[in-house]
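Take a look at this one; I'll ask things after.
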Amino acid sequence: MQASSSDRSKLRKTLIARREALPDALRMQHTAAIHAALRPLLEGLAVSRVGFCWPYRGEVDLRPALLAWLAAAPRRLLALPVVPDQVGALEFRHWFSDTPLASDRFGIPAPIGTPRVEPELLLVPVNGFDARGYRLGYGGGFFDRTLAALQPAPITVGVGFELSRLTQVDAQAHDRPLDWILTEDGCQPCQREDGGIAP
Ligand SMILES: Nc1nc2c(c(=O)[nH]1)N(C=O)[C@@H](CNc1ccc(C(=O)N[C@@H](CCC(=O)O)C(=O)O)cc1)CN2
Ligand SMILES: Nc1ncnc2c1ncn2[C@@H]1O[C@H](COP(=O)(O)OP(=O)(O)OP(=O)(O)O)[C@@H](O)[C@H]1O
């Protein structure tokens, strides 16, 4: 049975509150484990353009690990999403630690005036996720529309804490499953519907 949109909205609120309530010491410990697993994943996939999100509402802060990855080899780029004025896909723009940022309509810092970047890999924050790689975001549909629009499709890595893991997220027609899930327990390829392992 499909969960109604009000069920999804309640579940989203519960999951965000659970993540925001994570005690500082545990958050630091889990974040360190996520940072440690992120680096070998990026090196192993040999990508050089990575899109990620500025931490919002208790999401995992990936910045220290990503800045270390950036500094470790030439020709690497990081990008942050810019929310479109109209309904549409996110636009990824170059970010470095000194890039000027302005708050978007949700209060999330976004780069202003830097060049567009086509990410080869997207680190997608999750409010909820399952082992198949289905996720619950903030309900804006931004990532779904972005993944539908990006050609070639980037590798997608859902990033979150284990406290956001669900037995099953009700997949909707427009949902595209993530390729990998990264939590404090490590990085795992998502289990595809056909029984195979992604990607
Ligand atoms: N850190 C981070 N940045 C991100 C995303 C994300 O998931 N995480 N996004 C990923 O897509 C985009 C922003 N998407 C968002 C969509 C809705 C809400 C939000 O708070 N919605 C309110 C309702 C707001 C309204 O419609 O007036 C809510 O849920 O209460 C926030 C971010 C781009 N930047
Ligand atoms: N590819 C798409 N094209 C057009 N509309 C879409 C597409 N993907 C999602 N949407 C619309 O976006 C809305 C929100 O989708 P959903 O509830 O799956 O958001 P979410 O995955 O929680 O949010 P987000 O992707 O921003 O993190 C839905 O009403 C859906 O119709």
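Could you please find all residues in the stretch 5-31 being within 16 Å of ligand 1 (Cβ to nearest atom) and small (Gly, Ala, Ser)?
Ser5, Ser6, Ser9, Ala17
Out of Trp95, Trp180, report the one residue that is of a type in the set (Phe, Trp, Tyr) and more than 17 Å from Asp61 (Cα to Cα).
Working: Trp95 fails: more than 17 Å from Asp61 (Cα to Cα).
Just one listed residue meets the conditions, Trp180.
Of all residues in the stretch 108-167, count the ones that are farther than 18 Å from Arg12 by Cβ, among the hydroxyl-bearing types (Ser, Thr, Tyr) and touching a residue at least 60 places away in the same chain (Cβ under 8 Å).
Summing the residues that are farther than 18 Å from Arg12 by Cβ, among the hydroxyl-bearing types (Ser, Thr, Tyr) and touching a residue at least 60 places away in the same chain (Cβ under 8 Å) in the stretch 108-167 gives 1.
Results for (1) touching a strand residue (DSSP E or B) at 6+ places or on another chain (Cβ under 6 Å); (2) within 13 Å of ligand 1 (Cβ to nearest atom); (3) farther than 28 Å from Glu20 by Cβ, shown as yes or no for each residue.
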position: Arg49; (1), (2), (3): yes, no, yes
position: Pro74; (1), (2), (3): no, no, yes
position: Leu77; (1), (2), (3): yes, no, yes
position: Trp95; (1), (2), (3): yes, yes, no
position: Leu101; (1), (2), (3): yes, yes, no
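Is the stretch 35-48 home to any residue that is at negative phi, out of contact with any Leu (no Cβ under 9 Å at 6 or more places or on another chain) and crowded, with 18+ Cβ neighbours inside 10 Å?
no
Would you confirm, using the coordinates I've provided, whether Phe96 is without any contact (Cβ under 8 Å) to a residue 40 or more places away in the chain, closer than 26 Å to Pro152 by Cβ and not hydroxyl-bearing (Ser, Thr, Tyr)? Don't jump to the end; show me each part of the working.
Numbers: without any contact (Cβ under 8 Å) to a residue 40 or more places away in the chain: yes; closer than 26 Å to Pro152 by Cβ: yes; not hydroxyl-bearing (Ser, Thr, Tyr): yes.
Answer is yes for this residue.
Every residue, every condition in (1) in contact with an Asp or Glu (Cβ under 6 Å, 6 or more places away or on another chain); (2) within 22 Å of Arg116 (Cα to Cα); (3) open to solvent by less than 50 Å² (accessible area, probe 1.4 Å), yes or no:
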{"site": "Phe143", "(1), (2), (3)": "no, yes, yes"}
{"site": "Leu150", "(1), (2), (3)": "no, yes, yes"}
{"site": "Val159", "(1), (2), (3)": "no, no, yes"}
{"site": "Val169", "(1), (2), (3)": "yes, no, yes"}
{"site": "Gln188", "(1), (2), (3)": "no, no, no"}
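Moving on to the next point. Against the definition (near ligand 2 (Cβ under 9 Å from one of its atoms), on the phi > 0 side of the Ramachandran plot and surrounded by fewer than 20 Cβ atoms within 10 Å (Cβ to Cβ)), how does Gly139 come out, yes or no?
yes
For the stretch 104-144, give me each residue that is within 13 Å of ligand 1 (Cβ to nearest atom), more than 14 Å from the chain's Cα centre (by Cα) and not in a loop (DSSP other than H, G, I, E, B).
Passing the criteria: Pro109, Ala110, Pro111.
When the residues of the stretch 163-181 are filtered to those that are in a loop (DSSP other than H, G, I, E, B) and among the small types (Gly, Ala, Ser), which remaining residue is farthest from Ala153 (Cα to Cα)?
From the stretch 163-181, those in a loop (DSSP other than H, G, I, E, B) are 166-179; that's our starting set.
Going one step further and asking which of them are among the small types (Gly, Ala, Ser), we end up with 171, 173.
Numbers: Ala171: 19, Ala173: 18 Å.
The residue in question is Ala171.
If I ask for residues that are in contact with a helix residue (DSSP H, G or I) (Cβ under 9 Å, 6 or more places away or on another chain) and on the phi < 0 side of the Ramachandran plot, which ones from the stretch 55-72 would you list? Talk me through it step by step, then tell me what you get.
Taking the stretch 55-72 and keeping what is in contact with a helix residue (DSSP H, G or I) (Cβ under 9 Å, 6 or more places away or on another chain), we get 55, 57-62, 64-66, 68-69, 72.
Once the filter is applied, which keeps residues that are in contact with a helix residue (DSSP H, G or I) (Cβ under 9 Å, 6 or more places away or on another chain) and on the phi < 0 side of the Ramachandran plot, the stretch 55-72 yields Pro55, Glu59, Val60, Asp61, Leu62, Pro64, Ala65, Leu66, Ala68, Trp69, Ala72.
Collect the residues in the stretch 57-67 that are open to solvent by less than 50 Å² (accessible area, probe 1.4 Å) and in a helix (DSSP H, G or I), keeping them in residue-number order. Show your work before the answer.
First pass over the stretch 57-67, keeping only residues open to solvent by less than 50 Å² (accessible area, probe 1.4 Å): 58-62, 65-66.
Answer for the stretch 57-67, where residues must be open to solvent by less than 50 Å² (accessible area, probe 1.4 Å) and in a helix (DSSP H, G or I): Ala65, Leu66.
The values are calculated or read from the model by the stated rules, or taken from the named source; none is laboratory data. All values derive from a computational prediction rather than experimental measurement. Glycine gets a Cβ as well: all are built from the backbone with ideal geometry, and neighbour counts include every protein chain shown. The area values use the complete protein model at the heavy-atom level, side chains included, leaving out ligands, DNA and RNA. Shrake-Rupley method; radii C 1.70, N 1.55, O 1.52, S 1.80 Å.
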